[in-house]
Each structure stands twice: as structure tokens, then as C-alpha cells.
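Engineer: Here it is, the structure, as C-alpha cells.
Nothing in this text is a laboratory measurement; each read-out follows from the coordinates by a stated rule. Given the structure is predicted, the values throughout are model-derived calculations rather than measurements. Glycine also receives a Cβ, built like all others from the backbone with ideal geometry; neighbour counts cover every protein chain displayed.
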Number of protein chains: 2
Amino acid sequence: MHLLDVTKPDGRAMTLYGLSPVRLDGPVPSPFPDPLNANPHLRWHPLRGEWITYAAYRQGRTFMPPPEYNPLAVCISPDNPTELPAGDYAIAVFENRFPSLSMEAHDPPQALVETAPGTGICEVVVFTTDPKSSLGALPLAQIELLLSVWGDRTTRAAATGKIQYVLPFENRGAEVGVTLHHPHGQIYAYPFVPPVPARMLAMQQQHYEKTRRALLKDMIDSHLAAATGIIYHGPHAVAFVPSCARYPYEVWVSTIEPVATFSELSDAQRADLARALKTVILKYDGLWQRPFPYLMAWYGAPTDGKPHPESFLHAEFFPPYRSRDRLKYLAGTELGAGMFAMDVLPEEKAKELQAVEVHID
Amino acid sequence: MHLLDVTKPDGRAMTLYGLSPVRLDGPVPSPFPDPLNANPHLRWHPLRGEWITYAAYRQGRTFMPPPEYNPLAVCISPDNPTELPAGDYAIAVFENRFPSLSMEAHDPPQALVETAPGTGICEVVVFTTDPKSSLGALPLAQIELLLSVWGDRTTRAAATGKIQYVLPFENRGAEVGVTLHHPHGQIYAYPFVPPVPARMLAMQQQHYEKTRRALLKDMIDSHLAAATGIIYHGPHAVAFVPSCARYPYEVWVSTIEPVATFSELSDAQRADLARALKTVILKYDGLWQRPFPYLMAWYGAPTDGKPHPESFLHAEFFPPYRSRDRLKYLAGTELGAGMFAMDVLPEEKAKELQAVEVHID
């Protein structure tokens, strides 16, 4: 992995990653001339026992971009700056201009509940300089690079000493609120372990203390043994519809043997994990012969400096569709009670994905 | 409160409620001629430590209704049966035809995770026989009746001995997936305390053990003392945008003094709570002069037979809009991590609602 750290004119950090040495062919641009001075703050929700972050930026921008303006495109004219410089690189990561969490956060305002600085990192990860591509369409080598990039960002966030959890994710599709279709994801680095991974961690710890085994490893083994819900099964990686899926087309992707973080992946594991990931997304896109929207979240070990033998790096895909034409809305029981209700069986949905043929060189 | 219990031709139970004695003017209809034999099952999600319910019904219906067909309308012709009989009553409650939980659930299938019968109750609550009305438009007396109906349903569910939590809710608007605009809500009765109320209960219990006070009571007192976020303040009830709101237009509604369940409300409390509820919804609808979508969830004490002095009945409104034209999508950080990110301050959104004038006789 090759990389180059640069700074944008408005002060934001950017890293360019490549499979070969990175070369800049022009200035590092920013659509925004001035620094932002981001200062988000946290408020404690006493009833739910969780932090919420508040980042109230003025929505007024310095210019009104035309509808076809793609801020993630490579910059070709200094009169129309984007986020990406011209040059030779494969993947770009930069600080979100309007972050929900910031390492600069300070002096939180008083509120009627406890407050704290919104310390953290919000980054944009541009998967490719090709605005018409998609994560699943990228060459395997570039997906492998992305896995390494997520590892590098996690390591860097941990090195600040102020981050306890790093979540790389991709929101894909207008159905999940994405209006910018240039292939990209985001990374949130939190100053605490947030509720969902905290709950998963607690369950994994309970299981590990009882069995000395990773909980996800036992789940993978049972799915492989029963040959149930398997979407991909390679030498080192697996993708499957879990028997306890909460979304009709939910799929999990991971190595077969437990790995706690991206940086612990062997070359062979990383290569097969990239193939598993590509397979899943191509099957999604092939299912209805159109781009398939989803939320993809990567869950690794906390960066809290403690050992996490119970933890097992994996991705979970939460697609919003229940069938070709019908969205699954999260409403009363899901958002109000936290209990998901499914009107299909995971095993049936897995068959649909299994039947989609994909070809990867 | 007057009521009449009846049974539909397909075996489902229905109760008609009125402010005056209930009178039937025709047969009790059902759009479905045959019993369903609902048999949902639960699966345990080992990583998240929560139950998911699966109810895979054949989507094939016995007839294709025309687009204008309203199954919640009062039945006027036996050739075109709906769910509601002709007669004199104000509110109807009946068992959902395709329930996610059922008291008949039995013999759960085996899966790769632990399974259990999907025991519980899913009911539809028709707020009025007027398909063009809305909860906020109903007379105060009918909203008071609805509060009593929710209490009656909770008491009945508890009496089965198999229900630990009852959640009355309303999903309103196409934006939250509702295609049927006849004013109605639902009730889910769970065989366990589901994750969201369980977490709220744990936080309330901690606070109560430390202070011997209800946590929500302290939150209400601080909002009233600071005069912050208050949307309604009557002699016995209050509505406010909480300082820790997770949705831009989130509002909570409750009595001022703690009440654990609907059935504990005094007449004066019930009347003022109805006025608070009506005020909130009319302000929502007045904000942009159009029906305002939301999820409204009512959180009361568990029906687990234990005392709950920490518990405080209240409604929480989760509206999907962040501004007139923009939805707040739940994506990476909300669904993936469980941390909500807000780009507005609750105090600012409260001012918008405070400025909406409503008139209630």
C-alpha cells in the first residue's frame, strides 16, 4: 500500500492511497475556501442512556453548485474546485466538511442534560476516481486496498488516544438518503463504544467467557455445517444470510477464522474477504438488474487499548428492500420497541441471492 | 367508557368502544372468510442479544381490492366486507389479520439459533369511523376515550399472564410506510420487555434507586423550570421537545406527576393529557399546513406483575422530517452504531412548534 498525506486549503487532512506510488498532478483542492472550525457537542439522553451528537452548521454554502456538480470528482479546473486532486492514486480519504464529530470539539454548551465535546473523526472514503463505478464493480485488488485503507484509518484513529470505536460504513442508494452517487463510504470514529457495537461486544464477551470461542465463529460454523444461507464460501472468507436476519436481504461477510481488526488480516484472508465482498454486492446488483441500495457497516474490535479475543471483524449489510417494489420501513415495533418483525424467512431470501450468478476474474 | 366484545367470522376478536352505549346495526364483518391460524415464531439474535419475530404469511389474498378500498371503513355492503361493522361506537380494536405475534403461536421450527413461539398480540386500533379525520382532529372527549381504550387493552393483555410489555403506537404518513390513511394505530403486546423499553427501564431504575424519584419527572421539572422546549403546559399534562432529542421535531407528552399506566390516570389527568396530545398534533399539522408524518410510541410500565415506581407513562413522537422538504434518513451512524447525529438544536426546532398557533375548544 502506497499513500500520501496532504492538507486541503481549508485545513482538512486528506490521504491518497494507491497500489503503486501516489503522484499528485495538481494542487490539492477544496470546494470551501475557509476553515470551518467544527465544534460539535454531545448530549446525554438520560432515558435511553446514550449520547447524541449535535453539529448545527449554517446550511448556507459559499456557492450554489449546479445539479450535475460532483464534489467527489477529480478536480479539472481551479475555478470549479472539488474534493479530489488530479494525480495517480486509487482511493482518497478526507475529513468531512460538516462533521458530526471532530477532534477540535471543545467547550460544549450547557443544556438541560449532561453535555460533552463531540470528540471524534468523520471521514469520507472515495472508493475510486470513476464516478460511474461502484464498490462491487471495482477490481479485486482495489477492494483489497480498501480493506487496508480501513485498517490504516482505524490504526490512525486509535493512535490519537481519544477514540474507542471506529465504524467504516457505506450508505448506498437514494432509498437510504444518498444523493451523491460517486462510489464512496464514510468512517465515524467515536470517543466511546456506541450502543450497537457495545451490545454486540457484551454478548461476545459473555460467550467467550463461557466457551473461550468467538461467538461469530460458532455462528459461521453452524451455517457452514448446515449449508444454510451461504452466499459465498472461499478458502478464507464467507458470506451468509444469518438465521437471525432482521432485514429480508441481510448478509454478513467475514473471514472464516476470527480476526479482530483489518490490520490483522493476512494477505490471503484479505484477498478472499475482498472476493466475498465483491460477490455479495454483485449478487445484490444482479438480483433485480439494478443498483441495490444498502447500509454496509463493518464491526471490528474497539480501539480502547484492551485485548478483545471475543471480537470478530465482519460486515453486516442492511438493505432497505423487502421485495423488488416494496421497502421495509422501520416503524412502530422496530424503532419504538427495538424488536424487528420479518414477514419472510431468511432461508428463503438466501435462496434468491444464491441463484444470482456472478463472474469474477 | 362503554364497550362491546364481538367475534369476526374468521375468529378474530374485536371490541367496539363508545362514549355512549355501543349499538350494532349490522353483522360483524371481515374481509377474510377463513381463519388464518397465525403461527409466528421468534429467533434469538446471539450477537445483538435480542429476539426477532418471523411471520411468513402467503401474500396471496382471497380477492384483489380496488385501489380506493378502505378496509377500515364501516361496512356498507356484505358483498364488499371491511373490518368495521355498522353501528354506534367511536373506536374499534381488532386483531391484526397478519400478526407478527399471536397468542396461538406454537411449536416453533428449528433454526440455527434458538427459537420460541411468537407469543403476543397485534391489534389494530381504529381511532374514528371518519376516514378523513386524524388523531389531532378528533374531539377531546374521543381522545380521552382513546387513552382509556389503550388502558383497557393493556389491562387485558396483562391478564393473559403471558405479556410483559404493551406498546400502543401510531405510524402516520406515507413517509413512514403507511398506505392506509384512515386514522388508526396499532398495539403490540410482547412476551418480554423489548430492547428499547428495557433500556429505558434500566436507566429509570438506576435513577430511582439513587434518588427515589422518577427520572422523567426530573427531566420534566428541569424543562419547566428553564421554560425550554415547552410545547404545552396545562394543569396536569405537558408536552416538550426534550433537550436530548434524537429527531429534529421530537416531542414527548406526559402527565406532570408520574403515572405508571393508562389505567392509573385520574379523570383530570386524562383530560389534560388528551389536550396536550391534541395540541402537539395540531401544531405538527399547522407547521407546514399539511399532515405531519410521525411515529408516536407510548411507553408505560411493563406488565410483568412487578411494581414499577420508577416508570412514567409518556408518548414520544419521532417525526421523519428534518425540514419541510428534507427527510432525516437513519443510516450509518444511527442504524449501524446506534448513535444519532443531529444537525439542528432541539431548542431551535421547539421554537418553530411553539410559534404555531392552535385553537382547541
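Engineer: If you build a Gaussian network model of chain B, linking Cα atoms that sit under 10 Å apart, which residue out of B:P67, B:P27, B:P85 swings the most?
Structural biologist: Ranking B:P67, B:P27, B:P85 by mean-square fluctuation puts B:P67 first.
Engineer: Identify, for chain A, the residue whose C-beta comes nearest the rotation axis onto chain B, and round that distance to whole Å.
Structural biologist: Axis-proximal residue of A, distance in whole Å: A:L330, 3.
Engineer: Can you tell me the FRET efficiency between B:S263 and A:Q206 if r is taken as the Cβ-Cβ distance and R0 is 30 Å, rounded to the nearest 0.05?
Structural biologist: Working: r = 37 Å, r/R0 = 1.24.
Result of the calculation: an efficiency of 0.20.
Engineer: Under the definition of partner shielding as Cβ atoms of other protein chains within 10 Å of a residue Cβ, what is the mean value for peptide B:111-123? Can you show the working numbers first?
Structural biologist: On the way: counts 8, 14, 5, 2, 2, 0, 0, 1, 0, 1, 0, 3, 0.
Mean partner-chain Cβ count within 10 Å for B:111-123: 3.
Engineer: Anyone know which of B:E68, B:E347, B:E175 comes out most mobile in the 10 Å Cα GNM of chain B?
Structural biologist: Top of the fluctuation ranking is B:E68.
Engineer: A further question follows. Under 30 Å from the Cα of A:K210, which lysines turn up, not counting those fewer than eight places away in the same chain?
Structural biologist: A:K306
Engineer: Can you pull out the chymotrypsin sites (Phe, Trp or Tyr not before Pro) in segment B:60-148 that DSSP calls coil and that have at most 15 other Cβ atoms within 10 Å?
Structural biologist: Values: sites: B:F63, B:Y69, B:Y89, B:F94, B:F127; in loops: B:F63, B:Y69, B:Y89, B:F127.
For chymotrypsin sites (Phe, Trp or Tyr not before Pro) across segment B:60-148 that sit outside H, G, I, E and B with at most 15 neighbouring Cβ atoms in 10 Å, the list reads B:F63, B:Y69.
Engineer: How large is the charge dipole for chain B, taken about the Cα centre, if only the Cβ atoms of Lys, Arg (+1) and Asp, Glu (-1) carry charge, to the nearest 20 debye? Provide the component values of the computation, followed by the final result.
Structural biologist: Numbers: 31 positive and 39 negative charges, 114 e Å.
Dipole size: approximately 540 debye.
Engineer: Which distances in nm, rounded to one decimal and ordered from shortest, link the label point of A:N37 to the equivalent label points in the other identical copies, with labels set 7 Å from Cα toward Cβ?
Structural biologist: Label-point distances to the other copies, shortest first: 7.1 nm.
Engineer: Which residue fluctuates most in the GNM of chain A (Cα springs below 10 Å): A:T128, A:T228, A:T179?
Structural biologist: The residue with the greatest mean-square fluctuation here is A:T179.
Engineer: From the Cα trace of the protein assembly as shown, what convex hull volume per residue do you get, rounded to a whole Å³?
Structural biologist: On the way: hull volume 119.3 nm³, N = 722.
Spread over its residues, the Cα hull of the protein assembly as shown gives 165 Å³ apiece.
Engineer: If you line up the Cα atoms of segment B:257-298 on their principal axes, what length do they span on each, largest first, in Å?
Structural biologist: Over segment B:257-298, Cα extents along the principal axes are 35, 19, 14 Å.
Engineer: Oh, and also: If you put a point 7 Å past Cα along the Cβ direction, how far is that point for B:T155 from the same point in each other copy, in nm, smallest first?
Structural biologist: Distances between equivalent label points, in nm: 6.6.
Engineer: Magnitude of the Cβ-charge dipole of segment B:196-355, K/R +1 and D/E -1, about the Cα centre, nearest 20 debye? Let's see the in-between values first.
Structural biologist: Working: 18 positive and 18 negative charges, 49 e Å.
Result for segment B:196-355 is approximately 240 debye, rounded to the nearest 20.
Engineer: Once fully extended, how much extra length lies between A:A174 and A:L24, figured as 0.36 nm per residue of separation less the alpha-carbon to alpha-carbon distance?
Structural biologist: Numbers: separation 150, 0.36 × 150 = 54.00 nm, distance 3.25 nm.
Difference between extended and current length: 50.7 nm.
Engineer: Within 10 Å of each Cβ in peptide B:240-246, how many partner chain Cβ atoms are there on average? Round it to a whole number, please. Please list the in-between numbers first.
Structural biologist: On the way: counts 1, 0, 6, 11, 16, 4, 5.
Across the residues of B:240-246, the mean count of other-chain Cβ atoms within 10 Å is 6.
Engineer: To continue, here is another question. Sum up the charges of everything whose Cβ sits under 11 Å from the Cβ of B:V22, counting Lys and Arg as +1 and Asp and Glu as -1, but leave B:V22 out. Intermediate results must be reported in sequence, preceding the final value.
Structural biologist: Details: positive: B:R23; negative: B:D5, B:D25, B:D88.
Once all neighbours under 11 Å are counted, the net charge is -2.
Engineer: On to the next question. Lys/Arg Cβ at +1, Asp/Glu Cβ at -1, dipole of the protein assembly as shown taken about the Cα centre: which of A:L24, B:P40, A:S311 is farthest positive-ward?
Structural biologist: Positive-end residue among those listed: A:S311.
Engineer: Return the lysines within reach of A:K283: Cα separation strictly under 23 angstrom, same-chain partners fewer than 8 residues apart disregarded; answer none if there are no such residues.
Structural biologist: Of all the lysines, those that pass the test against A:K283 - Cα under 23 Å, at least 8 places apart if same chain - are A:K132, A:K328, A:K349, A:K351.
Engineer: Ok, one more. With a sphere of radius 15 Å drawn around the Cβ of A:R43, what net charge do the other residues whose Cβ falls strictly inside it have (Lys, Arg +1; Asp, Glu -1)?
Structural biologist: On the way: positive: A:R48, B:R246, B:K349; negative: A:E50, A:D107, A:E114, B:E250, B:D343, B:E347, B:E348.
Local charge sum for A:R43: -4.
Engineer: Label position 7 Å from Cα toward Cβ: report the copy-to-copy distances for B:A268 in nm, one decimal, ordered from shortest.
Structural biologist: Label-point distances to the other copies, shortest first: 7.8 nm.
Engineer: If the cut-off is a Cα-Cα distance under 12 Å, which aspartates and glutamates reach A:K162, setting aside same-chain residues fewer than 8 apart in sequence?
Structural biologist: Cα-Cα hits under 12 Å: A:E104, A:D304.
Engineer: Non-local amide H neighbours of A:T119 (under 5 Å, H modeled in plane, Pro and chain starts lacking H): which ones?
Structural biologist: The list, which skips near neighbours in sequence, is A:S102.
Engineer: Further question: Name the residue from B:Q354, B:V193, B:L147 whose Cα lies farthest towards the positive end of the charge dipole of chain B, charges +1 on Cβ of Lys and Arg and -1 on Cβ of Asp and Glu.
Structural biologist: B:V193
Engineer: What is the average number of partner chain Cβ atoms found within 10 Å of a Cβ in B:304-312?
Structural biologist: Working: counts 0, 0, 0, 0, 0, 0, 0, 0, 1.
Across B:304-312, the average partner-chain Cβ count within 10 Å equals 0.
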